[in-house]
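What follows is a short report on a single structure.
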Amino acid sequence: MKYNHPTDIPMSKALSFEWIGELIYTASSNVHGDTYPVTWADDDELYTGVGDPCWRVINDKNENWESAAPMSAEHYPAMSGAAFEKIIGKPETFEVYRVNDMPEYTGFAGNGAKPCGMVCVDGVIYYAIHNLLGIKIPPNRPKSQHGSDATIIYTKDYGKTWLPDHSKLFKDFDNETHKVTYHEWTTQWLTTEQERESFNGWQPMFPGSTFGGPSFVQFGKNNEDAVDGYVYAVSGDQWDNGRFLRLGRVPKDKIMDRDAWEFFTHDSWQKDINQSSPILDIDGHIGLPEMVYIKSLKKYILLTWALHKDFDASAGSELTILEGDNPWGPFSLAHYDWMWYTRDNCPYTPRIPLKWFNQQSLEGYILQSGKWASPYYIPQIRKFAFRTLA
């Protein structure tokens with residue numbers, strides 16, 4: 001469905017949305033990061049991917065990039081790119097625990113690896129990471145940040161080890177294709193985009209931007225509320241302020257098989273991603289998405305967002321919350337915040353941890369990123385409730 005603005009989407013006749021209370025920041029000291037795809041695993045824990053973590057555990061103490069300054073070659077791999085963490089405790093006092101620094105996945109912002117999706121299925125956690133071929137110009141609004149070249153890895157031991165093992169590949173990639181100025185957090189690429197398309201014969205599962213940031217649809221603990229035998233994922237065409245949202249699916253036992261993936265096209269599914277049709281088209285208003293299934297309502301909730309200035313937090317952000325009976329829509333508008341919380345906080349990448357969602361009262365928490373200025377990148381949540389209208 002194509003719209004000029006989120007408020008053009010017909011209002012929901014089934015659900016409304018309201019905030020309850022103010023922001024709550026993590027109780028863990030010196031913890032930073034963003035993006036936070038989150039999944040409820042079979043061990044009843046919440047696990048999340050974190051981008052630009054900017055902190056690590058040093059001598060049993062949480063240290064951020066400022067307290068461990070100056071940024072060094074030693075600190076850089078654990079404080080940039082993508083890491084893996086556990087969220088523990090009750091929502092009002094939640095803490096963040098670093099499970100794996102994942103030092104092979106490096107690079108700040110669009111220069112290197114960033115998380116986009118995570119899901120636990122039958123005790124295996126799958127982690128989608130994009131921007132693996134470095135910085136690119138996004139397909140829409142060139143001042144925005146791209147979100148492209150995604151692949152999936154998995155763990156059977158809750159993040160201690162990951163497969164496929166890309167450590168040597170990405171170490172070679174890091175050494176041969178760019179140089180890092182640690183204290184400035186900058187990356188200078190020495191190769192063209194074309195030269196990076198196939199490094200040592202390797203390509204990401206989803207090259208380019210068409211399905212460049214897959215975010216897995218959440219179906220409760222360990223995927224137990226799944227409506228069929230598929231795992232679903234939605235993806236925008238860039239990290240912020242994109243245009244198209246697409247839907248893919250794969251049999252739950254073939255998530256790592258790229259050839260088993262298929263993509264929604266009108267009323268059918270196609271193997272060719274280039275033949276897929278967007279399930280939503282709102283130019284400038286599609287950020288890295290989140291979709292969850294609410295079993296008690298038999299509804300899919302889709303969250304997306306945009307910055308008021310392309311890849312610039314100075315003017316704040318917007319939040320769009322949609323609902324539909326199917327993951328491909330059509331969608332109705334449940335809620336829209338033109339100024340999402342405050343301009344200064346500028347939240348982005350909303351997530352709904354289903355472990356913290358009450359299926360009866362329909363109350364839960366949105367986990368979000370925010371604060372590009374000091375104190376920056378603090379994991380934060382805010383309570384909300386859905387209300388039924390019919």
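The values are calculated or read from the model by the stated rules, or taken from the named source; none is laboratory data. Since the structure is predicted, the reported quantities are computational estimates derived from the model, not experimental observations. FYI the Cβ positions are ideal-geometry reconstructions off the backbone, even for glycines, and counts take in every protein chain you see. Protein only, heavy atoms only, side chains kept; ligands, DNA and RNA dropped before computing areas. Shrake-Rupley method; radii C 1.70, N 1.55, O 1.52, S 1.80 Å.
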- Item | Residue list for segment 109-123, filter: in contact with a Lys or Arg (Cβ under 8 Å, 6 or more places away or on another chain) and in a loop (DSSP other than H, G, I, E, B) | D122, G123
- Query: Name the strands (runs of 3 or more DSSP E) wholly within segment 222-270 that hold at least 1 residues that are small (G, A, S)?
  - Reply: 230-236, 242-251, 268-270
- Query: Can you pull out the residues in segment 61-116 that are open to solvent by 40 Å² or more (accessible area, probe 1.4 Å) and at pLDDT below 90?
  - Reply: W65, E66, S67, A69, P70, A73, E74
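Being open to solvent by 60 Å² or more (accessible area, probe 1.4 Å) and either assigned to a loop (DSSP other than H, G, I, E, B) or within 27 Å of D259 (Cβ to Cβ) (or both) is the filter here; which residues of segment 161-183 pass it?
Of everything in segment 161-183, those that are open to solvent by 60 Å² or more (accessible area, probe 1.4 Å) and either assigned to a loop (DSSP other than H, G, I, E, B) or within 27 Å of D259 (Cβ to Cβ) (or both) turn out to be T161, L163, D165, K168.
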- Query: If you go through segment 357-374, how many residues are touching a residue at least 60 places away in the same chain (Cβ under 8 Å) and more than 18 Å from C116 (Cα to Cα)?
  - Reply: 7
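Okay, residues lined up against (1) free of Cβ contacts under 8 Å to residues at least 40 places away in the same chain; (2) crowded, with 16+ Cβ neighbours inside 10 Å; (3) among the hydrophobic types (A, V, I, L, M, F, W, C):
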site	(1), (2), (3)
P327	no, yes, no
P330	no, no, no
Y336	no, yes, no
W340	yes, yes, yes
K355	no, yes, no
L389	no, no, yes
- Of the residues in segment 258-278, those that are charged (D, E, K, R) and over 21 Å from the mean Cα position of the chain (by Cα) number 4
- Item | Condition met for E290 (open to solvent by less than 40 Å² (accessible area, probe 1.4 Å) and out of contact with any Pro (no Cβ under 9 Å at 6 or more places or on another chain)) | no
- Query: Taking segment 136-155 only, how many residues are small (G, A, S), within 17 Å of A113 (Cβ to Cβ) and not in a strand (DSSP E or B)?
  - Reply: 2
- Task: For residues that are in contact (Cβ under 8 Å) with a residue 12 or more places away in the chain, under 22 Å from V38 (Cα atoms) and either out of contact with any Lys or Arg (no Cβ under 9 Å at 6 or more places or on another chain) or open to solvent by 70 Å² or more (accessible area, probe 1.4 Å) (or both), tally how many sit in segment 254-287.
- Result: 3
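Which ranges mark the strands (runs of 3 or more DSSP E) fully within segment 1-57 that have 2 or more residues being charged (D, E, K, R), open to solvent by 10 Å² or more (accessible area, probe 1.4 Å) and in contact (Cβ under 8 Å) with a residue 40 or more places away in the chain?
Details: elements: 15-25, 38-40, 46-51.
Where strands (runs of 3 or more DSSP E) fall fully within segment 1-57 and carry at least 2 residues being charged (D, E, K, R), open to solvent by 10 Å² or more (accessible area, probe 1.4 Å) and in contact (Cβ under 8 Å) with a residue 40 or more places away in the chain, they are 15-25.
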- Query: Among the residues of segment 58-76, which ones are closer than 26 Å to H178 by Cβ and part of a loop (DSSP other than H, G, I, E, B)?
  - Reply: W65, E66, A68, A69, P70, M71, S72, A73, E74, H75
- Task: Quick one: in segment 355-390, of everything that is under 23 Å from M11 (Cβ atoms) and outside any strand (DSSP E or B), which residue is nearest to the chain's Cα centre (by Cα)?
- Result: F357
- Determine which member of the set G284, G212 is at positive phi and under 19 Å from the mean Cα position of the chain (by Cα). G284
- Query: Among the candidates Y126, Y158, which residue alone is outside any strand (DSSP E or B) and either more than 30 Å from E66 (Cβ to Cβ) or in contact (Cβ under 8 Å) with a residue 40 or more places away in the chain (or both)?
  - Reply: Y158
- Query: Which ones in segment 293-315 are within 14 Å of D240 (Cβ to Cβ) and either open to solvent by 30 Å² or more (accessible area, probe 1.4 Å) or over 19 Å from the mean Cα position of the chain (by Cα) (or both)?
  - Reply: H308, K309, D310, F311, D312, S314, A315
